[in-house]
Every structure is written in structure tokens, then in C-alpha cells.
Amino acid sequence: MSYHLICGIGCGSAIVEAALVLSGLPFTIEDTEYWNEGPSRERLLSVNPLGQVPVLQLPDGQWISESAAMLLHLGDVSPEAGLVPPAGHPARARFLHWLQFLVCAIYPTFTYGDDPARWVGSEATGRALKQSTDEHRKRLWVQLEHQLGDGSWCLGDSFSALDLYLTVMSQWRPGRDWFAGNCPKIAAIAARGDAIAALAPVWQRNFSDS
């Protein structure tokens, strides 16, 4: 039995889709317009009450949400893919640190900034919330940039799932041009991620209009 991934085009689900490809595990995908009311959203809500993608069904039928949980699971199931440094590896703690930084610090800036009207009562306050989260996100990216070494990837010379996050998330606001000018190390990592031949169909499917 294969994995089944509920996706949104261009969303964070592209990270998990790419990880599944690299893991070599069989999987199917189901695209959903999670922001639109209707059967597709109702289907999503039935397996993730938060109404967020990605959601991954495991071969035993369990559903899990949260991309970090999925990546850690795939690292356990397919360690040979090199997505997650194993327990005891010198880079393990740094991997976990930056994984949580990406999903707990940077990701929420999109949660609140993408649809500010959901969280505040006025249009003016919504614009202010979007602007403030956008600026905060830039500061967080610069913080990560300053702590990267000179290696080819986030953890140095070893590729990991962190590089999938950077490749995908750098497509979002403030965009690749901003990264090139302000975070050149992250921009270089994203370019290397773009060039992974096995992932070309994933990037094409998710970001062909970018």
C-alpha cells in the first residue's frame, strides 16, 4: 500500500511531495483548493480539522498533518534518502533546531499574513498585520542566513530536508529576487534544490507559473 498526500499547488505540501520522491516510497497525490468552500475542502476537513495542507495518509491508513512530522517520519522509514540526520549524528541537533525554526517561527508569518482578515476586524488592521509579518519574516530569514556556513547546503556539505524547505519557501514572499539580494547563501541553496533532476517534475507542477 502506498502513501497518499493531500496537496495544494505551490503550498508547503511541495516540500513533502519532494521528500516522498527522494525517499523512493510509492505515493499518490490529491490536489485540493483548500481555501474554497465545497466538497474538496470538506474532504480536507474530514482528515485535518485545521483545514491545512499537507496531510499524509500512511500505508496503515493513519493520517498525519504538519510537514515537520511527515519529514521526520520519512526520515525514519527511508533513512537512505538522507532527509534527516539519524540519532547520534553530529548534525542531528542542528537539523532539529532549524526545522523547528522554519515551521514554528517563519511559517506562522504566512499563517497570519496571507489572510489577515481572518484574524483582525478591519481592513486597515489587516494591511498592517500583513506588512508587519512580511517584515518580520525578512528579519528571520536574515537571521538564518547569518548562521549558515560556507557549505553547499543548510547543514554544510550534506543535503537534508531543510534544503527542500528553503527551495520551496524561497518561492514565497518576499520572493527569489529578494533572497538573491539579501540572503545569497539561501538563494544558492534554493538554486541547487531547483537543479535536483529527480525533483524537476515536482517543481514544474507546483511552480511553473512562478
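Has region 45-68 got any residue that is small (Gly, Ala, Ser), in contact (Cβ under 8 Å) with a residue 40 or more places away in the chain, closer than 12 Å to residue 5 by Cβ and in a helix (DSSP H, G or I)?
Yes, region 45-68 has at least one match.
Tell me which of these residue 105 doesn't satisfy, since it passes every other one: (1) out of contact with any helix residue (DSSP H, G or I) (no Cβ under 6 Å at 6 or more places or on another chain); (2) surrounded by fewer than 16 Cβ atoms within 10 Å (Cβ to Cβ); (3) assigned to a helix (DSSP H, G or I).
Answer for residue 105: the failing condition is (1).
Inside region 69-95, can you point out the residues that are of a type outside the set (Gly, Ala, Ser), in contact with a Gly (Cβ under 9 Å, 6 or more places away or on another chain) and in a loop (DSSP other than H, G, I, E, B)?
83, 84, 85, 86 - these are the residues of region 69-95 that are of a type outside the set (Gly, Ala, Ser), in contact with a Gly (Cβ under 9 Å, 6 or more places away or on another chain) and in a loop (DSSP other than H, G, I, E, B).
Please find, within region 10-63, the residue that is nearest to residue 205 (Cα to Cα) out of those that are of a type in the set (Val, Ile, Thr) and exposed (fewer than 15 other Cβ atoms within 10 Å of the Cβ).
Quick first cut of region 10-63, residues of a type in the set (Val, Ile, Thr) only: 15-16, 21, 28-29, 32, 47, 53, 55.
Cutting the leftovers down to exposed (fewer than 15 other Cβ atoms within 10 Å of the Cβ) gives us 28, 47.
Details: 28: 14, 47: 24 Å.
By that ranking, first place goes to 28.
Considering only residues of region 145-181 that are surrounded by 15 or more Cβ atoms within 10 Å (Cβ to Cβ) and of a type in the set (Asp, Glu), which is nearest to the chain's Cα centre (by Cα)?
163
Counting only residues that are among the polar types (S, T, N, Q), give me the helices (runs of 4 or more DSSP H) lying completely in region 119-191 with at least 3 of them.
Values: elements: 123-147, 161-169, 176-182.
In region 119-191, 123-147 are the helices (runs of 4 or more DSSP H) which contain 3 or more residues that are among the polar types (S, T, N, Q).
What are the residues in region 200-210 that are surrounded by fewer than 20 Cβ atoms within 10 Å (Cβ to Cβ) and in a helix (DSSP H, G or I), if any? Step through it out loud before you land on a result.
Keep residues of region 200-210 that are surrounded by fewer than 20 Cβ atoms within 10 Å (Cβ to Cβ), which gives 200-201, 204-205, 207-210.
Matches in region 200-210: 200, 201, 204, 205, 207.
Find the residue count for region 123-144, including only residues that are closer than 30 Å to residue 34 by Cα, open to solvent by 50 Å² or more (accessible area, probe 1.4 Å) and without any contact (Cβ under 8 Å) to a residue 24 or more places away in the chain.
Summing the residues that are closer than 30 Å to residue 34 by Cα, open to solvent by 50 Å² or more (accessible area, probe 1.4 Å) and without any contact (Cβ under 8 Å) to a residue 24 or more places away in the chain in region 123-144 gives 10.
Is there any pair with a first residue in region 184-199 that is open to solvent by 40 Å² or more (accessible area, probe 1.4 Å) and a second that is part of a helix (DSSP H, G or I) whose Cβ atoms are under 7 Å apart and which are 6 or more apart or on different chains, and what are they?
Between residues of region 184-199 that are open to solvent by 40 Å² or more (accessible area, probe 1.4 Å) and residues that are part of a helix (DSSP H, G or I), the close pairs are 185/145; 194/167; 194/203; 198/21; 198/22.
Let me spell it out: the conditions are (1) at pLDDT 95 or above; (2) among the charged types (D, E, K, R); (3) more than 28 Å from residue 23 (Cβ to Cβ), and residue 176 meets all of them except one. Which number is the exception?
(3)
Cβ contacts < 8 Å: first residue free of Cβ contacts under 8 Å to residues at least 40 places away in the same chain, restricted to region 154-177; second residue open to solvent by less than 10 Å² (accessible area, probe 1.4 Å) and of a type in the set (S, T, N, Q), any location; separation 6+ or different chain. Result?
That search, which allows pairs on different chains as well, returns 176/170.
The values are calculated or read from the model by the stated rules, or taken from the named source; none is laboratory data. What you see is a predicted model; the values in this text were computed from it and never measured. Quick reminder, even Gly has a Cβ in these numbers, built from the backbone with ideal geometry, and neighbours come from all protein chains shown. For the accessible areas, the whole protein counts, side chains as well, though only heavy atoms, and no ligand, DNA or RNA atoms are used. Shrake-Rupley method; radii C 1.70, N 1.55, O 1.52, S 1.80 Å.
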